[in-house]
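Student: Take a look at this one; I'll ask things after.
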Amino acid sequence: MWRDPHDLVEHLLAVAGLAAQNARRFKGADWAHLAGLWHDLGKYRPRFQRYIRQASGFEADAHIKGEAGKAPHSTAGAMLACDRFGAAGRVLAYLIAGHHAGLYDWFGGLDARLDSQDSRDELNEALTEQPPAEILEQGAFSPDLRAIPGGKDGFALWIRMLFSCLVDADFLDTEAYMDADKSARRGDLPDVQKLLEQFDRFMADKITAADRTPVNLLRADILRQCREKAHETPGLFSLTVPTGGGKTLSSLAFALEHAKRHNKCRIIYVIPYTSIIEQTADIFRAIFGEAVIEHHSNAEVDAEKENSKSRLACENWDAPIVVTTNVQFFESLFAAKTSRCRKLHNIVDSVVVLDEAQLLPPEFLQPILDMLNLLTQHYGVTVVLSTATQPALSTREYFDAKNNMRGLDNVREIMSNPDALYRALERVNVSLPDDWNTPVSWDVLANEISQCDSVLTIVNRRKDARELWERMPEGTLHLSALMCGEHRSQTIQQIKARLKDGIPTRVVSTQLVEAGVDVDFPVVYRALAGLDSIAQAAGRCNREGRLTEHGMQGEVVVFVPPQPAPLGLLRKGEDACRSVLHGHTGKPLERALFARYFEKLYHACDLDAKGIGELLKVDGQTLAVNFRTAAEKFKLIQDEDSAPVIVRYRGLDGNDGKVDELLNTLRKHGPERWLMRKLQRYTVTVHTREVMKLLLQGDVEEAIPGLYVQVSDWLYHPDLGLNPDGLPPKLTNCIA
């Protein structure tokens with residue numbers, strides 16, 4: 001469809017205005033405004049004008065595809081900034097030169113680009129066309145690097161925030177020109193006051209319908225305290241509530257009340273696992289409807305989960321409630337790509353709830369803590385560390401300085417008396433091994449736990465779960481990451497239904513059941529692991545306190561498995577737990593032990609294993625920062641040696657043909673985004689060497705480069721999931 005050309009002056013002025021508006025909340029409006037004026041200065045050069053007339057017009061997704069190389073135009077403004085302001089102009093150069101391809105490293109990246117004759121020619125050719133004075137003039141702008149939020153330590157984040165303001169403004173103005181209807185669908189979402197009213201109605205109905213059990217009365221008091229503490233000054237908070245105390249909704253109550261009181265823009269709820277995020281988002285969506293966006297790699301795009309507004313909001317988090325993952329949240333804060341950075345300015349003046357905060361990855365803990373300090377001190381963010389087992393995140397100094405930790409030192413606890421709360425919510429007895437060095441065999445363990453009618457056993461490895469399950473009585477259920485997401489979800493629903501109906505239920509699971517899966521067993525066995533994992537396992541035992549009402553407690557049994565935890569973080573957690581509990585005569589899960597446990601765990605880890613802090617340290621003379629290299633190294637999930645396999649899971653009844661329909665669509669139409677998201681529900685990720693073995697045996701085929709599909713009928717077991725060994729199972733109940 002023909003449309004009038006997108007006037008360049010109008011575009012530059014509009015982007016400048018939007019970028020300045022985005023940056024005003026952290027006093028970066030002047031920088032962002034000038035970056036907007038000059039970001040497309042190179043489009044004045046005749047070469048670009050010839051290109052754009054030959055092409056089909058401005059492309060709405062050009063800023064994502066990074067195809068500017070067809071007619072380079074993003075260096076001219078960067079060159080002008082350096083000419084005008086010297087070294088200080090490099091701030092604008094990072095933003096302008098990277099607005100298509102992402103932020104560059106300085107040395108070997110942006111410095112070489114700015115030093116090239118092609119870049120100088122680009123600026124000269126653009127200026128020869130005599131852009132209007134209103135574009136070239138800098139007005140009253142005078143760069144002052146002394147006003148950077150956080151000084152040198154905050155330089156890299158400040159650049160990313162300004163970059164976010166620029167690229168989001170560029171996207172939005174281009175979108176308004178290319179697709180006015182799409183642009184018009186943005187906004188019109190309820191404000192915090194409206195959301196709080198919806199939440200209050202929901203909670204009133206929930207409390208009215210709940211039985212007046214001791215646990216529910218405690219949950220109501222936790223909710224009350226969260227509402228009252230929300231009036232305190234913004235900053236860092238902890239919410240320390242034992243598992244089963246209703247942290248999710250109580251932390252949301254704090255966030256909404258706090259946002260209303262202190263004029264915060266949105267609530268961002270950050271969750272460690274994608275296996276939990278969907279159920280949390282569903283709870284929030286039942287309360288707030290389309291005001292909630294769910295942003296992670298597995299979010300499905302369909303009529304029930306998303307609509308046009310929520311899909312738009314995912315691009316820049318322009319919604320009042322965002323539910324996302326640790327991976328999406330923290331990797332975005334350390335990103336260099338435009339599409340990943342675009343949302344960052346919308347984190348400013350928000351309330352961020354870090355659910356299960358003890359699961360922050362130790363190997364990235366130092367850069368994460370530095371980031372949280374900058375956000376709370378300079379960008380109006382309030383952070384809530386929500387967990388039953390608070391990690392020890394305060395500053396620590398040791399004789400060996402390399403083990404020091406720059407921590408969070410002004411954290412206020414929301415609960416008035418966490419120790420009393422722990423005592424009141426004590427619902428289990430924990431039995432520790434008599435001998436910490438003698439493992440129990442799977443045969444002995446299977447015989448012992450088989451004596452229980454309903455029991456959950458949690459082990460450390462997928463192989464361990466299979467070994468134990470094979471020795472258990474018929475009807476025992478299994479949970480592990482070798483099952484696809486849809487299979488796990490259906491199995492968890494089956495477990496909940498059986499427990500609710502009083503049907504004897506035995507389950508063998510990996511640790512995936514420990515966070516966010518609300519099951520309630522009378523007995524839980526846990527393989528020796530980190531103390532936080534044992535506490536999470538205990539949270540699946542007598543969760544609703546029904547045994548306590550009858551004068552009984554749940555039973556949690558810690559055992560030494562035949563094989564220790566794998567080397568790495570799991571082994572370090574096991575060692576720290578053994579160190580804290582060995583010889584301890586008190587209760588194994590008393591609250592004071594967790595600080596000692598996390599101190600030992602963190603002391604055993606390199607808290608910046610990838611050297612992110614050094615990569616992002618700014619050189620005071622050159623303003624050199626390694627943005628791109630840091631982004632490449634800051635990956636919470638290392639997936640270089642893994643590959644996805646789409647499995648033919650047919651549902652618990654064996655008759656679900658949904659995955660076959662999706663695969664047929666894949667063959668017919670190729671890997672469309674919505675389709676790939678749906679197929680993720682039927683995907684299992686395994687080591688590349690295992691996939692190659694299955695490929696050579698003809699058990700899988702490569703559907704598209706890097707994506708494999710199950711071929712052998714027996715490869716996916718209806719109880720155990722994928723068999724990565726590629727050998728026919730000893731069991732006979734395989735799907736056909």
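The values are calculated or read from the model by the stated rules, or taken from the named source; none is laboratory data. Source: prediction; values computed, not measured. Here the Cβ is made from the backbone with ideal geometry for all residues, glycine too, and neighbour counts use every protein chain on show. In case anyone asks, the SASA skips ligands and DNA or RNA and just uses the protein heavy atoms, side chains included. Shrake-Rupley method; radii C 1.70, N 1.55, O 1.52, S 1.80 Å.
Student: Could you give the distance between the Cα centres of the stretch 599-619 and the stretch 524-573, to the whole Å?
Tutor: 30 Å
Student: For the stretch 435-501 and the stretch 134-175, write down the distance between their C-alpha centroids in whole Å.
Tutor: 53 Å
Student: Order of 152-163, 406-417 by packing, highest average Cβ count within 10 Å first?
Tutor: On the way: 152-163: 23.2, 406-417: 15.2.
The packing order, highest mean first, is 152-163, 406-417.
Student: Any idea of the accessible area per residue across the chain, 1.4 Å probe, to the nearest Å²?
Tutor: Working: 31100 Å² over 736 residues.
With all protein chains present, the chain gives 42 Å² per residue.
Student: Might you report the magnitude of the Cβ-based charge dipole of the chain about its Cα centre, with Lys and Arg at +1 and Asp and Glu at -1, to the nearest 20 debye? It would help to have the intermediate numbers written out before the result.
Tutor: Working: 86 positive and 101 negative charges, 128 e Å.
Magnitude of the dipole: close to 620 debye.
Student: Any idea which of 377, 680, 333 is furthest toward the positive side of the dipole for the chain, if Lys and Arg beta-carbons carry +1 and Asp and Glu beta-carbons -1?
Tutor: The residue sitting most towards the positive pole is 377.
Student: What does the charge count near residue 216 come to, summing +1 for each Lys or Arg and -1 for each Asp or Glu among other residues with Cβ under 15 Å from its Cβ? Mind dumping the intermediate values first?
Tutor: Numbers: positive: 206, 212, 219, 224, 247, 427, 543, 546; negative: 205, 211, 221, 518, 520, 544, 549.
Result for the neighbourhood of residue 216: +1.
Student: For the chain, what % of the accessible area comes from carbon and sulfur atoms, probe 1.4 Å?
Tutor: Details: 15240 of 31100 Å².
Roughly 49 percent, rounded to a whole number.
Student: Something else now. Along Cα→Cβ, 7 Å out, is where each label goes; now give me the distance between the ones at residue 544 and residue 448 in nm to one decimal.
Tutor: That separation, rounded to one decimal, is 2.9 nm.
Student: Checking the cross-link filter: which lysines have an alpha carbon closer than 26 Å to that of residue 402, excluding same-chain neighbours under 8 positions apart?
Tutor: Output for residue 402: 152, 572, 600, 610, 617, 633, 635.
Student: Using alpha carbons only, how many degrees (0 to 90, rounded to 10) separate the axis of helix 485-500 from the longest principal axis of the chain?
Tutor: Value to nearest ten degrees: 40.
Student: Follow-up. At 1.4 Å probe size, what's the solvent-accessible area of residue 453? Round to the nearest 10 Å².
Tutor: Its heavy atoms expose roughly 100 Å² to the probe.
Student: Mark the label point 7 Å from the Cα of residue 212 along Cα→Cβ and return the residues of the stretch 225-244 whose backbone N is within less than 20 Å of it.
Tutor: Under 20 Å, as judged by backbone N against the label point of residue 212, lie 225 of the stretch 225-244.
Student: Can you list residues whose amide H is under 5 Å from residue 505's amide H, if they're 5+ apart or on another chain and H is modeled 1.01 Å from N?
Tutor: Here the answer is 454, 455, since their amide H atoms fall under 5 Å of that of residue 505.
Student: Could you pull out every one of the lysines with an alpha carbon less than 24 Å from that of residue 206, ignoring same-chain neighbours closer than 8 positions?
Tutor: Leaving aside lysines fewer than 8 places away in the same chain, those within reach of residue 206 are 194, 229, 247, 260, 305, 496, 500.
Student: Could you give the nm distance between label points at residue 112 and residue 685, where each point is 7 Å from its Cα heading toward the beta carbon?
Tutor: 3.1 nm
Student: Let me ask you something else. Taking θ as phi - 60°, what are the ³J(HN,Hα) couplings along the stretch 228-234 by the Karplus curve (6.51, -1.76, 1.60), each to the nearest whole Hz, with x for Gly and Pro?
Tutor: After applying 6.51 cos²θ - 1.76 cosθ + 1.60, I find 5, 6, 5, 7, 5, 4, x Hz.
Student: Towards the positive end of the charge dipole of the stretch 485-533, with charges on Cβ (+1 Lys, Arg; -1 Asp, Glu), say which of 502, 523, 487 has the farthest Cα.
Tutor: Checked the options; the winner is 502.
Student: Quick one: putting +1 on the C-beta of Lys and Arg, -1 on the C-beta of Asp and Glu, what dipole do you get for the stretch 317-471 around its Cα centre, in Debye to the nearest 20? Before the final figure, lay out the partial values.
Tutor: Numbers: 15 positive and 21 negative charges, 142 e Å.
With only Lys, Arg, Asp and Glu charged at Cβ, the dipole is about 680 debye.
Student: How much solvent-accessible surface does residue 628 expose, in Å² to the nearest 10, with a 1.4 Å probe and all protein chains in place?
Tutor: 70 Å²
Student: Return the long-range amide H neighbours of residue 525 (sequence gap of 5 or more, or a different chain), with a cut-off of under 5 Å between placed amide H atoms.
Tutor: Long-range HN contacts for residue 525: 456, 457, 458, 557.
Student: Here is a follow-up. Take each of the peptides 28-34, 212-218, average the number of other beta-carbon atoms within 10 Å over its residues, and list them starting from the highest. Walk me through the numbers before you get to the answer.
Tutor: Numbers: 28-34: 24.9, 212-218: 15.0.
Per-residue mean Cβ counts within 10 Å order the peptides as 28-34, 212-218.
Student: Here is a further query. Could you give me the ³J(HN,Hα) list for the stretch 193-202, computed from phi with Karplus coefficients 6.51, -1.76, 1.60 and θ = phi - 60°, whole Hz, x at Gly and Pro?
Tutor: Result, rounded to whole Hz: 4, 5, 5, 5, 5, 4, 5, 4, 5, 4.
Student: Given a Förster radius of 22 Å and the C-beta distance between residue 262 and residue 201 as r, what FRET efficiency does 1/(1 + (r/R0)^6) yield to the nearest 0.05?
Tutor: Details: r = 23 Å, r/R0 = 1.04.
For residue 262 and residue 201, the calculated efficiency is 0.45.
Student: Here's another thing I want to ask about it. In whole Hz and in residue order, list the ³J(HN,Hα) couplings for the stretch 165-176 that follow from phi through the Karplus curve 6.51 cos²θ - 1.76 cosθ + 1.60, θ = phi - 60°; x for Gly and Pro.
Tutor: Result, ordered by residue: 4, 5, 5, 5, 4, 5, 4, 5, 5, 5, 4, 4 Hz.
Student: Using only DSSP helix segments of four residues or longer, with each worth -39500 (n - 2.57), what per-residue ellipticity at 222 nm results for the chain after dividing by its residue count and rounding to 500? All intermediate terms of the calculation are to be shown ahead of the outcome.
Tutor: Numbers: 32 runs with 327 residues, N = 736.
Result for the chain, helices only: -13000 deg cm²/dmol.
Student: Within 15 Å, Cβ to Cβ, of residue 144, how many net charges do the neighbouring residues add up to if Lys/Arg are +1 and Asp/Glu are -1?
Tutor: +4
Student: While we're looking at this one, here's another question. Which net charge results when you count Lys and Arg as +1 and Asp and Glu as -1 among the other residues whose beta-carbon is under 10 Å from that of residue 370? Can you show the working numbers first?
Tutor: On the way: positive: 406; negative: 153, 608.
Neighbour charge sum, excluding residue 370 itself: -1.
Student: Continuing with this model, one more query. Sorted from largest down, what three extents in whole angstroms do the Cα atoms of the stretch 82-151 have along their principal axes?
Tutor: 40, 33, 21
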